[in-house]
Structure formats: structure tokens, C-alpha cells
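The values are calculated or read from the model by the stated rules, or taken from the named source; none is laboratory data. Only a predicted model underlies this, so the values are computations on that prediction, with no experimental measurement involved. Using ideal geometry, Cβ is built from the backbone for each residue, glycine included, and neighbour counts are taken over all protein chains shown. Keep in mind that these areas ignore ligands, DNA and RNA; they rest on the heavy atoms of the full protein, side chains included. Shrake-Rupley method; radii C 1.70, N 1.55, O 1.52, S 1.80 Å.
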Amino acid sequence: TLIVHGDADRILPFETTAKRLPDLIENSRLVVIENGPHAIGWTHADEVNAALLEFLAEDSEKSKAAEN
């Protein structure tokens, strides 16, 4: 599970939401977008997309290794 959250989110503050999630979701990864507000998909699209692509590429590599 990939968790992407901005550290400047005033709607769902990082400290009380996303910061806790890695301890609650096994095998998850937290990516914090610096100065990211609530709508990071719009305001920080390049950073969010990079995190998604990296996560998907690593998952793909793991799947290929498991097949061999």
C-alpha cells in the first residue's frame, strides 16, 4: 500500500492521520510531500506521479522476481 500525503494538509493534518498509517497497514510505504496541502494531486502532481511510478515499478520488479 502506498500512502502519499502532504505535510501541510490542514483538512487532514499529517500528524494525526497519515503519520500513523504505516504502523497500522502492513507492508505500506509513506511518501510525504513537502509543503503539500490537502489537494496534492493537483498542486504537486509531478511529485505524486513520481511516487506512484516508483512504487509501481518496484512492485513490478518484485512480481517478475517471484516468477523466476
Take the Cα of Arg10, step 7 Å along the line toward its Cβ, and report every residue of region 31-68 whose backbone nitrogen sits under 13 Å from that point. 37-39
Given a 1.4 Å probe and every protein chain left where it sits, what share in percent of the accessible area of the chain is carbon and sulfur? 53 percent
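Ala39: net charge of surrounding residues, Cβ under 12 Å, Lys/Arg +1, Asp/Glu -1, itself excluded?
Values: positive: Arg10; negative: Asp9.
Net charge around Ala39: 0.
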With springs connecting C-alpha atoms under 10 Å apart, model the chain as a Gaussian network and identify which of Ala51, Ala18, Ala39 has the largest mean-square fluctuation. Ala39
Degrees separating the helix 45-67 axis from the principal Cα axis of the chain, which is the longest one: 20 degrees
For Val4, enumerate residues with amide H under 5 Å from its amide H, sequence gap 5+ or separate chain, H modeled in the peptide plane. Val31
